[in-house]
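Taken together, the values in this text are just the output of simple stated rules run on the coordinates, not laboratory data. What you see is a predicted model, and the numbers here were worked out from it, not measured in a lab. For neighbour counting, all protein chains shown are included, and Cβ atoms are generated from backbone atoms with ideal geometry for every residue, glycine included.
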Amino acid sequence: MAAYSFFSSTYISSPSPAPLRFPSPNRPSSSTLSLSRTFAHRNLHTACIVASLRPTAHANPSPTPEPADRKLLDSFVVLITSVALSVSIFVTDVDPAAAFVVTPSKKLQTDELATVRLFQENTPSVVYITNLASRQDAFTLDVLEVPQGSGSGFVWDKKGHVVTNYHVIRGASDLRVTLADQSTYDAKVVGFDQDKDVAVLRIDAPTDKLRPIPVGVSADLLVGQKVFAIGNPFGLDHTLTTGVISGLRREISSAATGRPIQDVIQTDAAINPGNSGGPLLDSSGNLIGINTAIYSPSGASSGVGFSIPVDTVGGIVDQLVQFGKVTRPILGIKFAPDQSVEQLGVSGVLVLDAPLNGPAGKAGLQSTKRDTYGRLVLGDIITSVNGKKVANGSDLYRILDQCKVGETVTVEVLRGDHVEKIPVVLEPKPDES
């Protein structure tokens, strides 16, 4: 009797356990309330079981000797109470996370989710390119391959073609391409265009590892439009930077030949050494340009980066993949720097040399030379081509880019004190080694 009376009084009269409390400036968290209700439910359930088993108190409070069967009953009640308590604790359905989660995880905003998704979907298309050069050890005379530079690139198609900048691979004896899964492959140069700073490589990788990047359009871009750059700046693996289009139809010079590249995209997305050759994407994840240069005295990003538009790149890549070279018309001349012509007080392109086996030489354009007395005799100064004014070298290149090989153009030159118009048949640019 004393035993089950003790259990009964303990579980009925004792208050519910104090709930766990987590520091909160406002109010208890939902997990604290849930845990408190769970303990209260367990105590109430146990108390009801014990109360139903507790016998009615005798009218006579005087102690009397208890028979053996009453002791057996007391032991049985204690056993049943213990079992009921254990079952109520272990069977009651309690969410284990509710007792330990203090605050719910912070959810991302819609624009953040879009950026995360864009990075995850396009990262498999971006590759890391290592430029290796052969060097001879001064002591052992062994020829070693030493990394002399690195850059980025992206998968163009399922055939293993990879597009990057020409200046990323320039001077390389060997090239290695590392995919997003860190698998590395030796790359072969399919072709390159020095004038537009574009190169195409090819790797022998399994088709299931090649994820071509979706190609967009650059003709309808707008200033202020969001853009995303993915690359490997300073050798860091797959870095994403964001920004907007700061300007359109910019012009930069090729790092290899100095020939101007027109319609370049200007962006404030951070572009650093190692980003060269990587893709510039729009908010839909489509390729709109190749990151190629930055304007910075220090060599690091200053918020002014430039990308070759994809409309220009597409035609170049197609020619390189099909023919291994780009067929571009030339006049076949060497001309003086623009500053030298400005000092003469004239506007145009001064012909320094027009080889006789070139288009201009065959047509009769005159080169700059010295007479028998050592005096400088200026050559022809090109002032227009097909009626389009030529004020400097960039104008000349821009006009020639709109022409085709084999086309006859009318070149207007200033020869001495008079103007002449000379027809010239354009020829393809010789192959570069």
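Table for the structure above
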{"read-out": "Fewest-first ranking of Tyr397, Tyr185, Tyr295, using other Cβ atoms within 10 Å as the exposure measure", "value": "Tyr295, Tyr185, Tyr397"}
{"read-out": "Per principal axis, descending, Cα span of the stretch 329-428 in whole Å", "value": "41, 26, 22"}
{"read-out": "Per-residue HN-Hα couplings for the stretch 190-195 [Karplus 6.51, -1.76, 1.60; θ = phi - 60°; Hz; x = Gly/Pro]", "value": "7, x, 8, 10, 5, 5"}
{"read-out": "Pairs from Lys226/Lys429; Lys159/Lys389; Lys209/Lys404; Lys369/Lys389; Lys389/Lys429; Lys159/Lys404 whose Cα-Cα separation, in the structure shown, is over 32 Å", "value": "Lys226/Lys429; Lys159/Lys389; Lys209/Lys404"}
{"read-out": "Proxy reagent accessibility, fewest Cβ within 10 Å first, across Thr257, Thr292, Thr110", "value": "Thr110, Thr257, Thr292"}
{"read-out": "Sequence-distant residues sharing a close amide H with Phe335 (under 5 Å, placed H)", "value": "Leu352"}
{"read-out": "Order of Ser152, Ser384, Ser75 - criterion: other Cβ atoms within 10 Å of each residue's Cβ, fewest first", "value": "Ser75, Ser384, Ser152"}
{"read-out": "Separation between Cα centres of the stretch 304-337 and the stretch 183-232, rounded to whole Å", "value": "15 Å"}
{"read-out": "Residue-count net charge about Val419 - beta-carbon cut-off 11 Å; Lys, Arg +1, Asp, Glu -1", "value": "-2"}
